[in-house]
């Protein structure tokens, strides 16, 4: 990767253009024709200035002239009274080729799944099939307005129906809502449904939700946004939820529990049956965080484990690209019990991220019932293979069989080399780093998730590099503290970035 | 591989899962398709959609999408990357987000912007939460009834569970002056659901005198020519970036934006990118102010947002780079010209009545004096999605630079004929 220093604003030259627009509608209409290139800035400035917005957008005097084209455009009143922008608009003035080269250069400082192995734990960076992109970009889908009459969008609606059925089959839930645009958005929606369920029963005291200490940060954050109090349940030494610690937390104030299964240590919560019974007996519901659904794909259905509400990350388990941090999609599925409330929360504008749902549907159709049963298993195979191949160099706090991901707690012989050093050194060798310093249970956490789309050769290459870094840690820790050495930039000064924030170009 | 792990079969890897949870049935899914079959399948579905010329806005605008944009956004280095946690190999993503933040600041006139939200309505809902979080012991927010219906609905949803008191009103200024005691914020549209550009003269002072914050919901494309949130004195601006070159795509993915005054910077939800230097002094970009975020603060975070709509922010950033200041002005001039022509020609048919005073840009609403369903069907039959009836009983039209004079005349002709 080469370092490229420019911002688009720095390429700007007055008068240069990158757009292509028709000159005008070619109207004979006087007012429009006279107003020149800045017509809307001139507009009809005659609106009466009033305090607030009450006078605007209200019923006009029918006796008044209504033909707006007849009204001569005047200068807008000076000062605050006008409705047109007064400040100049400082956007870059660049040609099309400037734009293409600039963003091509930027892209070359980026690492994606298509660049190389991306073992980012809990993010399920599997390969994104290209046919899905092509399908999602078909004009018959991209050209649909969200408010078009149903008679003109039957194909799009069939996609929702098909996806609902497919996700229900895979998860054992009854039906899904597709409004949530991301995993955390799904969590929030799911918790809203949890609250609707209790409210419908007049059970208003249930204002707390239990979250394990190993949970993704979004779980407690979503609960807080949903107006719920968080009660943390501890994990045991073996990384699983402590059922004995859970029992005293349960009571008439508990709305439910949020579980990730397998959890963020990649461990299957084997006591889930007992946990489900305990939570249900106390009147609560079980929420399934689908961020870690991948190892269960084709193996275990959350609905069968007793979960009442769940979300899926289509951008994880169902192969849609992450886009540098979205767009994703976080459809929420429910059991019979919660089904009557599924339509209630209006959590986004139209029909959710249709373009993402399309891609995921294409993925499921190519996987089909024949291959779905292999996806989760192969993801689990890869994770265990890496774990077993590196446990003599890296500290493995929980040695049992994992699912799609597992966690090391730093180097066995660290020699002062931290998890951050290891992660940064990996970049030099052409791999993306694993998730680091999460989960919070281990201070030097390195969370590795290979996914099922990687070959044995790729896994072996990664293992070899991880071993090499362990050797380097013994021989030359200083070199590792300074890593990465081969990337477009070195480690940034994050402290100054936060203390004296520069958030825009001036 | 199994040997190294020390198990004899793939199923052994699931030995810790209680046996009755292992799904033994056949998954009720279609049989696996080849690439060709998938293509045929979706082409079949595509044929069940009707492609229409879109003359309706209501939060989703059919602007022209320059061919450069999908070419850039489909570059897999952008498309297949995750959130830029490892900044040394994510300078591409971080830099376009920094550019996006800058452009959002310049469009709105405000000081800082975040890396993006899911869509306009969720950005509005988060802004309402931000008002409450930024003002002490205040829990009510006044919401203009002239915001788009789906924006109001999304605000109501978020507020309901957060326990925020929402007052939806036609008379915002009056309500601010004498209505609500524990006022935290007020949210008004820059251009309202009827297409009218609103005047918010004096409103900011009124809201600030009550110790509350003013939020403006904007169409960022229109901000090139209409008064900015900063010019009206607003503290926070939100809206949907869809109008900046993102295809309609049946409602998503779009992208929300949020900008605010500097004093509110640390209350912003979501990712923020900042500029810094690396050890050798090279200018570079990082995710910053992360102490607001869920992965650090968990339940004390300013929001639960994690994945946002990064690639769609790139979409808008490339768009604004191509358009530049002159392109944006020209685009709005075209919208203005076309919409006013259609507006006047429709009124001249005698089938509508003008009910709203005030200037409009590309979208307008009229009161129908004809059989609306019949009109809509006649327009649909001719391939036009136009004259959508809103819940208030008006019909709404929207004209953009994509449309032609011939199309406008054809619409008028059809309306005349019913």
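Quick look at the values:
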read-out: Estimated 222 nm signal from helices in chain B, with DSSP H stretches of n ≥ 4 weighted -39500 (n - 2.57), rounded to 500; value: -11000 deg cm²/dmol
read-out: Two-decimal Rg to Rh for the protein assembly as shown - Kirkwood Rh, Cα set; value: 0.97
read-out: Tail beyond 28 Å, pair distance distribution of chain B (Cα, percent); value: 56 percent
read-out: Projected-area average for region A:283-324 over all orientations - Cα convex hull basis, square nanometres; value: 3.4 nm²
read-out: DSSP bridge pairs, the protein assembly as shown: antiparallel proportion in percent, nearest 5; value: 55 percent
read-out: Degrees separating the helix A:183-200 axis from the principal Cα axis of chain A, which is the longest one; value: 90 degrees
read-out: Cα-based helix-to-principal-axis angle, A:419-428 vs chain A, degrees rounded to 10; value: 70 degrees
read-out: Gap separating the Cα centres of region B:42-92 and region A:210-254, nearest whole Å; value: 38 Å
read-out: Contact order relative to length of region B:308-384, as percent, for alpha carbon pairs under 8 angstrom and 6 or more apart; value: 23 percent
read-out: Distance between region B:108-147 and region A:440-506 - C-alpha centres, whole angstrom; value: 36 Å
read-out: Averaged over A:327-336, number of beta-carbon atoms from partner chains that fall within 10 Å; value: 3
read-out: Order by protection proxy (mean Cβ within 10 Å, highest first), peptides B:232-243, B:278-289, B:15-26; value: B:232-243, B:278-289, B:15-26
read-out: Ranked packing of A:388-395, A:400-407, B:268-275, most packed first, by mean Cβ within 10 Å; value: A:400-407, B:268-275, A:388-395
read-out: Inter-chain shielding of B:338-348 (mean C-beta neighbours from other protein chains, 10 Å cut-off); value: 4
read-out: Distance histogram for region B:178-323 (every C-alpha pair counted, 10 angstrom bins, percent rounded to whole numbers); value: 10, 30, 36, 20, 4, 0
read-out: Partner chain coverage, peptide B:113-121 - average Cβ within 10 angstrom; value: 5
read-out: Cα long-axis angle, helix A:154-171 against chain A (0 to 90 degrees, to the nearest 10); value: 20 degrees
read-out: Distance between region A:158-199 and region B:287-357 - C-alpha centres, whole angstrom; value: 28 Å
read-out: For chain B, share of DSSP beta bridges that run antiparallel, in % to the nearest 5; value: 50 percent
read-out: Burial order of peptide ranges B:177-183, A:194-200 (average beta-carbon count within 10 Å, highest first); value: A:194-200, B:177-183
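Computed from the coordinates by the stated procedures, all read-outs in this text should not be read as laboratory data. Quantities reported herein were computed from a predicted structural model and do not represent experimental measurements. FYI the Cβ positions are ideal-geometry reconstructions off the backbone, even for glycines, and counts take in every protein chain you see.
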